[in-house]
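So the structure is just underneath, and the comments pick up after that.
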Amino acid sequence: MTWKAEVDGGRCMASGMCAGIAPDLFVLDDERARPLSEEVPEEERVLDVADSCPAMAITIVDGGATVVGPRP
Amino acid sequence: MTTAETTPIAYPFNDPEGLDLSGAYEEARHRPGLVRVRLRYGEPAWLATRYADARLVLGDRRFSRAEALNRDTPRQGEGQMDGGILSMDPPDHTRLRTLVAKAFTVHQVEKLRPYVRELTHSLLDELEAAGPPADLVDRYALPIPVAVICRLLGVPEEDRPKFRVWSDAALSTSSLTAAEWERNREELRAYMARLVQEHREAPRDDIMTSLIEARDQGDRLSELELVDLCVGILVAGHETTATQIPNFVMVLLDHPDELRRLREEPELIKGSVEELMRFVPLGVGASQARYATEDIEVGGTLVRAGEPVLVAVGSANRDALRFDEPGRLNVARPATQHLGFGHGVHHCLGAPLARLELQEALGALIGRFPNLHLAGDVVWKDQMLVRGPRVMPVGW
Ligand code: HEM
Ligand code: SF4
């Protein structure tokens, strides 16, 4: 099972946090980050990334399109 | 390619008084490779001065902060800054950071804006009532971030004189011996440990209480990590912001056209805070050393596994390859990704909060006093990691 990750380019402030925590899943281009692949593994680490984003720019949704990250 | 055999040059370059960026940086940015430097204490290091190199070193997981704990790390004071979130690598760093990250997101912090605004206005009322001249640092720049971080963390504001001394020493590069530095840190830890105990007995709605829950119920951090994280947030949470407020005012007074423009177009305040963060080289020297965990090429130098690299953020922020007219202050500069809050996993935890405080503090001050000016000699901080006025008399 996988989740889906999305980065809101309008909010991202290129802090480099996501690519720092999970370089296998997120990359930082010049001005904004993006997931390397939309599909991300169902791991705690992925939720950690979404929780850590200072801009709240990362959303993780599960197979049923329910938002699982960032956690409330 | 440059090699490690080059004789290291003395660092830091910046004059501790004033906010100028040493000309040595511009030269360094134009020369290929990294610069070999030596600080007063610790092993020699590479220095990165260009924007792209800075972002690589700060953002790439192959560079470690934790390795500094095993090393005689390059530093300006004898005491070793160890422990704390800034000396950790993922996944340990992620574990601690996620416990507090939520409290400092843009969304969360924005809720504090009305409170911060009220705070700035009541401080300005007090200034006006007392009449000029007044010390901007003591009467305005310090009370704002102190009140905010105390409230968020759950530290009594009345203790400000106590922790001011400790946190000054924690950021000091001065004559403190390693033993004195150590003693100071232990006092600050003991103070925080007492507060943690009080919060355990009487939980409140603050960050300390939520960290205690994460420890006692989730076992997600150790007691020492808990105490050090609170210490880190308290120290980092007020000193830098309190220093940047007068710095920004100094720079704007030095650039009357930009100040006038900002007064006429107050909607530029958010962007101008970003521009001032870029423009003001806050640090005397560079950020804490990063250690290469494997051989990595940075800007034409092969950094060998185990070698430390320092990042001169103030220099990277003036890199002409990244910014047009980098030496010019332009309050209307379009959004830029400056590195004033660092980059990568250690990107400033409090950046959204610092931004909000700076926007409110600056906006309220220049709005209230159209004739704001210096009214006496500025006394500069001395032997601190950050530069800025210690005393700044102003009139209006
Ligand atoms: C204008 C004010 C501020 C400036 C210029 C600033 C700058 C920085 C920089 C450059 C770093 C990265 C250091 C490095 O990577 O070596 C950092 C980290 C940090 N800052 Fe700030 N900061 C400011 C305000 C704050 C505030 C208000 C807080 C309150 C919570 C804070 C808490 C922290 C913490 C805890 C870290 C370490 C983060 C980590 O290691 O993950 N800072 N800051
Ligand atoms: S953590 Fe958030 S703000 Fe930082 S680079 Fe990733 S998406 Fe952008």
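Residue-wise HN-Hα couplings along region A:6-21, as the Karplus relation 6.51 cos²θ - 1.76 cosθ + 1.60 with θ = phi - 60° gives them from phi, are 9, 10, 7, x, x, 8, 3, 10, 6, 5, x, 4, 4, 5, x, 6 Hz; Gly and Pro carry x. PRE reach from B:GLU126 (point 7 Å along Cα→Cβ): which of region B:333-363 fall under 16 Å by backbone N? Inside the label zone: B:361. Computed on protein heavy atoms with a 1.4 Å probe, the accessible areas place B:ARG183, B:ARG263, B:ARG55 in the order B:ARG183, B:ARG263, B:ARG55, largest first. In the protein assembly as shown, the DSSP beta bridges split such that about 85 percent are antiparallel, to the nearest 5.
If every alpha-carbon in the protein assembly as shown counts as one equal scatterer, what log10 I(q)/I(0) does Debye give at q = 0.06, 0.08 1/Å? One equal scatterer on each Cα of the protein assembly as shown leads to -0.25, -0.46.
Decide, for region B:9-395, between rounded, prolate and oblate: order the square roots of the alpha carbon gyration tensor eigenvalues as a ≥ b ≥ c, take rounded if a/c falls under 1.5, and otherwise choose prolate if a/b is larger than b/c, else oblate.
Working: a/c = 1.57, a/b = 1.06, b/c = 1.48.
Oblate is the answer for region B:9-395, as a/c is 1.5 or above yet b/c matches or exceeds a/b.
A Cβ-based charge dipole, computed about the Cα centre of region B:9-395 with Lys and Arg at +1 and Asp and Glu at -1, lands at about 640 debye.
Think of chain B as a dipole: +1 on every Lys or Arg Cβ, -1 on every Asp or Glu Cβ, centred on the Cα centre; then among B:VAL251, B:TYR51, B:VAL231, B:TYR51 lies furthest on the positive end. The 1.4 Å probe gives accessible areas that order A:MET1, B:MET392, largest first, as A:MET1, B:MET392. Cα centroids of region B:188-214 and region B:32-70: 35 Å apart.
Students sometimes get this wrong: rank B:LYS270, A:LYS4 by accessible area, probe 1.4 Å, all chains present, largest first. Provide the component values of the computation, followed by the final result.
Values: B:LYS270 110, A:LYS4 90 Å².
Reading off the accessible areas and sorting them downward yields B:LYS270, A:LYS4.
Seen through its C-alpha gyration tensor, with square-root eigenvalues sorted a ≥ b ≥ c, region B:124-188 comes out oblate because a/c lies at 1.5 or above while a/b is not bigger than b/c.
So what is the calculated 222 nm ellipticity per residue for chain B, using -39500 (n - 2.57) for each DSSP H run with n of 4 or more, over all residues, to the nearest 500 deg cm²/dmol?
Details: 14 runs with 180 residues, N = 396.
That comes out to -14500 deg cm²/dmol.
For A:LYS4, a cut-off of 27 angstrom between C-alpha atoms picks up these lysines, skipping any fewer than 8 places away in its own chain: B:LYS102. In percent, rounded to a whole number, the relative contact order of chain B is 29, using alpha-carbon pairs under 8 Å and six or more apart.
Taking the square roots of five times each eigenvalue of the Cα gyration tensor of chain A, the equivalent ellipsoid has semi-axes of 18, 12, 11 Å, listed largest first. With the whole protein complex present, B:HIS255 retains an accessible surface near 50 Å², based on a 1.4 Å probe. By the compact-protein rule of thumb, 2.2 N^0.38 Å, the alpha-carbon radius of gyration of region B:189-348 corresponds to a ratio of 1.36.
Out of region B:281-386, which trypsin sites (Lys or Arg not before Pro) are coil in DSSP terms and have no more than 13 other C-beta atoms within 10 Å? Please report the intermediate quantities before stating the final value.
Numbers: sites: B:ARG290, B:ARG304, B:ARG318, B:ARG322, B:ARG328, B:ARG355, B:ARG368, B:LYS381; in loops: B:ARG304, B:ARG318, B:ARG322, B:ARG328, B:LYS381.
When the trypsin sites (Lys or Arg not before Pro) of region B:281-386 are filtered for loop state and at most 13 Cβ neighbours within 10 Å, B:ARG304, B:ARG328 remain.
Computed over protein heavy atoms with a 1.4 Å probe, the accessible surface of region B:9-395 works out to 40 Å² per residue. Taking the protein heavy atoms of the protein assembly as shown in the context of the full set of protein chains, the accessible area attributed to carbon and sulfur is 51 percent at 1.4 Å.
The values are calculated or read from the model by the stated rules, or taken from the named source; none is laboratory data. Computed from a predicted structure; not experimentally measured. Here Cβ is always computed from backbone atoms with ideal geometry, including for glycine, and neighbour counts include all displayed protein chains. The area values use the complete protein model at the heavy-atom level, side chains included, leaving out ligands, DNA and RNA. Shrake-Rupley method; radii C 1.70, N 1.55, O 1.52, S 1.80 Å.
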